[in-house]
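The values are calculated or read from the model by the stated rules, or taken from the named source; none is laboratory data. Owing to the predicted nature of the structure, the values given are computational and were not obtained by experimental measurement. Positions of Cβ are generated from backbone atoms using ideal geometry, with glycine treated the same way; all protein chains shown enter the neighbour counts.
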Amino acid sequence: MGNRYVVIGGIAAGMSAASRIKKVDKGAEVIVLEKGEFISYGACSMPYYIANPDGDYKDLIVLTVDDARDKRGIDVRTNHLVLGISPNEKRVFYKELISGKEKSINYDRLVIATGASPVKPPIPGIDNENVFSLRTLNDGVAIKKFIEEKKPKKAVIIGAGYIGLEMAESFKESGLDVTIVEMLEKPMPNYNGEIINSILKTLEGNGVKAYFNTTVERIDNDRVITTSGEFEADIVLLATGVKPNSKLAKDAGIELGVNGAIAVDSKMETSISGIFAAGDCAESIHRITNRKTYVPLGTVANKQGRVAGLNAARELARFPGVIKSAEFKLFDKEVASCGLTLNDALNEGFDPVEIVITASSAAHGYKYKYPIQVAMIGDKKTGKLLGCQMIGKTGVAHRINIVATAIFNGNTVKEFSMFDLAYAPPFSPVWDPVLVAANVLS
Ligand code: FAD
Ligand code: NAD
């Protein structure tokens, strides 16, 4: 008999782990227990699926249950809700949601990849039928169906974070009038002020009304009542952050860490030997500060899942940590960041300096070129490159990855300013905007 591995959760981290295990330990039995009806879907594409009149939710599914079984040899059981874990017995207790039967299964090694859930602030009216969160594929399908069937005209989005901003564009594309209400004084509060101003101008230029320092008091059937006024709302989207699904682990005696996420070492192993955790339910280590952090991103979940799977299958692998690289589209702008913000750097005891430049996305003589704003942060003491944020119409989303590579590798600003980057007039000036920023900073 081969080893039996049980994986809880079948999206980014869970399926990455399961696939790796099966690659390394070919004779193993790999069972994925997933409470939902879908596995392995790209939640990140939901704002664009919702806005696309021809959008089909099936296009978001990367791997079906049948393909997982036939092509990868993984036994995926959907509609299976895990109720508990007994590390002493090496046993997982679950409920088959269709039959209602409760069962259990033993494991040799376990991977917890239970993800995260939307934060639902205690606002009266939050359970009204026109109030949605956006996390699962079912959430995305439900929002699209509501828009198509009920033809709402006015949307209020609560929260101006990643989902709030992406969905402002999505709702506008669907023809809705959009108002955002945010409790903090600005969106992306730690970003450089000039980049934030560009985000605000982009919202305004696209007809999105945004209210900051605003508390939501109540949601009525057709309006949202806030400290900044009452806003008509045929549909309300809650985009108020996520929290890790770590209760199963906690109840099993596994230690929790930062932000209530499951504590793990660099092998993604939890405080109980032989039990691994990965993705939005688990913490990460920050490469620059060396401190534990919580970064609920698909990029991180896939890599952590792979590392957890490899170690579960006894092939040594280490998760190298994160530098919080992230990007999003806001109407005609690309917005991206990596590393520490100025505030983060100050809080971490660095001696940071930040500069902001505006440079062109393409060479002077090239017809199609747009300004890119770059905010770059370095440390005066060590000369290290610490962080970067950018906004512009084109050439931002991939350019941030050049800076991310340098920060990931611990380069100084001076080293980075001489990186041998490629150049041709349609793609950049001879001194790329990120090199110009580094030269100004050094
Ligand atoms: P999840 O995707 O949350 O999957 C966990 C699974 O575990 C779920 O299917 C859940 O049903 C299952 N589960 C939980 N508890 C149990 C239980 N008790 N029993 C059985 N099953 C259980 N990230 C990016 O990097 N870039 C982006 O552009 C981006 N855009 C996004 C846009 C949207 C709208 C959303 C919602 C997220 C976006 N993300 C993005 C974040 C990314 O989707 C997540 O980081 C990623 O899905 C995390 O994967 P995961 O496998 O850790 O967790
Ligand atoms: P978020 O943490 O990005 O933003 C939540 C926002 O809601 C914050 O600005 C917060 O101040 C605000 N908020 C919280 N409670 C509030 C309240 N009661 N009233 C008004 N405002 C309130 O979270 P999100 O937008 O829900 O997205 C969840 C996670 O999904 C993100 O943290 C991110 O990791 C991931 N995501 C990433 C991308 C991307 O990388 N492009 C896109 C979408 C989602």
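Listing for the model above:
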quantity	calculated
Hey, G298 more than 16 Å from ligand 2 (Cβ to nearest atom) and of a type in the set (G, A, S) or not	no
Hey, A233 touching a residue at least 60 places away in the same chain (Cβ under 8 Å) and under 30 Å from T270 (Cα atoms) or not	no
Unique residue being out of contact with any Leu (no Cβ under 6 Å at 6 or more places or on another chain), over 19 Å from G339 (Cα atoms) and assigned to a strand (DSSP E or B) when the list is A363, A359	A359
Search result, residues across segment 18-47 that are hydroxyl-bearing (S, T, Y) and crowded, with 17+ Cβ neighbours inside 10 Å	S19, S40, Y41
Sole exception among (1) away from ligand 2 (no atom under 16 Å from the Cβ); (2) surrounded by fewer than 18 Cβ atoms within 10 Å (Cβ to Cβ) for G241, by number	(1)
Enumerated helices (runs of 4 or more DSSP H) restricted to segment 374-442, each holding at least 3 residues that are in contact (Cβ under 8 Å) with a residue 60 or more places away in the chain and of a type outside the set (S, T, Y)	400-408, 433-441
Selection within segment 330-353 - surrounded by fewer than 20 Cβ atoms within 10 Å (Cβ to Cβ) and either small (G, A, S) or at positive phi (or both)	F331, G349
Unique match (being under 30 Å from G309 (Cβ atoms) and aliphatic (A, V, I, L, M)) among V119, V131, V178	V119
Filtered residues of segment 128-164 (kept if basic (K, R) and within 13 Å of ligand 1 (Cβ to nearest atom))	R135, K144
Segment 176-208 - residue that is aliphatic (A, V, I, L, M) and part of a loop (DSSP other than H, G, I, E, B) and, of those, farthest from ligand 2 (Cβ to nearest atom)	L176
Subset of segment 58-75 (residues that are under 21 Å from the mean Cα position of the chain (by Cα) and either buried (at least 18 other Cβ atoms within 10 Å of the Cβ) or more than 23 Å from K145 (Cα to Cα) (or both))	L60, L63
Residue match in segment 171-189 (condition: in contact with a Leu (Cβ under 9 Å, 6 or more places away or on another chain) and more than 20 Å from N213 (Cβ to Cβ))	yes
When residues of segment 119-145 are limited to those that are within 20 Å of L176 (Cβ to Cβ) and in contact with a Gly (Cβ under 8 Å, 6 or more places away or on another chain), the one nearest to ligand 2 (Cβ to nearest atom)	L134
Residue in segment 32-54 that is under 26 Å from the mean Cα position of the chain (by Cα) and on the phi > 0 side of the Ramachandran plot present	yes
Which numbered condition Y94 fails, given (1) of a type in the set (S, T, Y); (2) touching a Lys or Arg at 6+ places or on another chain (Cβ under 9 Å); (3) surrounded by fewer than 16 Cβ atoms within 10 Å (Cβ to Cβ)	(3)
Residues satisfying the stated conditions in segment 360-373, i.e. touching a residue at least 60 places away in the same chain (Cβ under 8 Å) and more than 27 Å from the chain's Cα centre (by Cα)	S360, A362, A363, H364, G365, Y366
Where M15 falls short, out of the listed (1) away from ligand 2 (no atom under 16 Å from the Cβ); (2) more than 17 Å from the chain's Cα centre (by Cα); (3) of a type in the set (A, V, I, L, M); (4) surrounded by 17 or more Cβ atoms within 10 Å (Cβ to Cβ)	(2)
Filter result for G383 (surrounded by 21 or more Cβ atoms within 10 Å (Cβ to Cβ) and of a type outside the set (A, V, I, L, M, F, W, C))	no
Cross-chain or 6+ apart pairs with Cβ under 8 Å, segment 186-207 first and small (G, A, S), then surrounded by 17 or more Cβ atoms within 10 Å (Cβ to Cβ)	S198/K333; S198/Q373; S198/I391; G207/K172; G207/D177; G207/V178
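Okay, residues lined up against (1) farther than 19 Å from G84 by Cβ; (2) near ligand 1 (Cβ under 10 Å from one of its atoms); (3) at pLDDT below 95:
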| site | (1), (2), (3) |
| --- | --- |
| D234 | yes, no, no |
| G241 | yes, no, no |
| P244 | no, yes, no |
| D251 | no, no, no |
| G279 | yes, yes, no |
| P296 | yes, yes, no |
| R306 | yes, no, no |
| L310 | yes, no, no |
